[in-house]
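The values are calculated or read from the model by the stated rules, or taken from the named source; none is laboratory data. From a predicted model like this one, the values you see are computed outputs, not experimental measurements. Note that each Cβ is placed from the backbone with ideal geometry, even for glycine, and that neighbours are counted across all protein chains shown. Just the protein is used for accessible areas: all its heavy atoms, side chains included, with ligands, DNA and RNA removed. Shrake-Rupley method; radii C 1.70, N 1.55, O 1.52, S 1.80 Å.
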Amino acid sequence: MRMRKKKHGAERLQACGEYVLDGGLCDPKSVFENGRPVHLEIGCGKGDFICGMAAAEPDINFIAIERIPDVLTIAAEKVKAAGYGNVRLAAFNAAYLAERIAPHSISRIYLNFSDPWPKDRHAKRRLPSRQFLERYDQILKKDGIIEFKTDNRGLFDFAVEEIAETKWKIDAVTYDLHHDEKMMEGNVMTEYEERFSSQGNPICKYVISR
Ligand code: SAH
């Protein structure tokens, strides 16, 4: 997501106060102090999905991360304006997940419309790559799951092929989410999902576990 550098970006993020996690290792147990499951969105963009989820599932704690601080600021301001006490946000690259999120503390990870990195030599930067699956392995609980949505068929086919090279298994898959009644249950649309599905692109989704 390209954005012009925002004036006073750091101050605006800081003004979101306790909704934004400090640098360093986050132990969700001490952040939320209510023992409820914690779901993590990686690459949250402007935060529509995390806000929709926070409203729909008030008994779940959510953490949303985004590598571009100015983009995270937009998400954080939405979360703060709505006063979602079950959401925290942080600006960092998911390559550092293991340094930033306590081991085996997360019940579910959401990857939504992740960057495709189309060049072969960049495959390991793709969020559903085997390299990233190893990072998710470290922070997910034993029975944790990953949900991945995209309209990018090339990226999705790559993601499905990666599974065969790992200890993960596919629990559910669709190549047309919006016409799959079962997998659509409780679906919250992301910014990209709104945009691309309204252009007629089918949305692919998988759910995986170990
Ligand atoms: N999830 C949103 C945005 C999709 S665009 C939606 O569905 O509408 C992908 C987003 O992921 C961008 O905002 C990008 O900055 C972020 N992103 C890409 N790679 C990332 C990484 N390694 N760590 C954290 N965020 C990342």
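Looking at region 159-173, which of its residues are part of a helix (DSSP H, G or I), open to solvent by less than 30 Å² (accessible area, probe 1.4 Å) and not β-branched (Val, Ile, Thr)?
Listed by number, the residues that qualify are Ala159, Glu162.
Scanning region 90-149 for residues that are open to solvent by 60 Å² or more (accessible area, probe 1.4 Å) and near the ligand (Cβ under 9 Å from one of its atoms) yields Asn93, Tyr96, Asp115, Trp117, Arg125. Taken over region 174-208, residues that are hydrophobic (A, V, I, L, M, F, W, C), away from the ligand (no atom under 16 Å from the Cβ) and surrounded by 18 or more Cβ atoms within 10 Å (Cβ to Cβ) amount to 2.
Restricting Asn61, Asn86 to those that are open to solvent by 10 Å² or more (accessible area, probe 1.4 Å) and either touching a strand residue (DSSP E or B) at 6+ places or on another chain (Cβ under 7 Å) or under 17 Å from Asn187 (Cα atoms) (or both) reduces the list to Asn86.
Quick check on my filter: what residues within region 64-83 are among the hydrophobic types (A, V, I, L, M, F, W, C) and either open to solvent by 20 Å² or more (accessible area, probe 1.4 Å) or assigned to a helix (DSSP H, G or I) (or both)? Passing the criteria: Ile68, Val71, Leu72, Ile74, Ala75, Ala76, Val79, Ala81, Ala82. Among the residues of region 74-89, those identified as more than 12 Å from the ligand (Cβ to nearest atom) and either farther than 15 Å from Ile109 by Cα or small (Gly, Ala, Ser) (or both) are Ala76, Glu77, Lys78, Val79, Lys80, Ala81, Ala82, Gly83, Tyr84, Gly85, Asn86. In region 41-53, the residues that are farther than 19 Å from Arg100 by Cα and open to solvent by 20 Å² or more (accessible area, probe 1.4 Å) form Cβ pairs under 7 Å with partners that are in a helix (DSSP H, G or I) and near the ligand (Cβ under 6 Å from one of its atoms), at six or more places apart or across chains, as follows: Lys46/Val71; Lys46/Glu191; Asp48/Glu191.
Tell me the residue from Phe148, Phe113, Phe92 that is in contact (Cβ under 8 Å) with a residue 12 or more places away in the chain, under 15 Å from the mean Cα position of the chain (by Cα) and at positive phi, please.
Phe113
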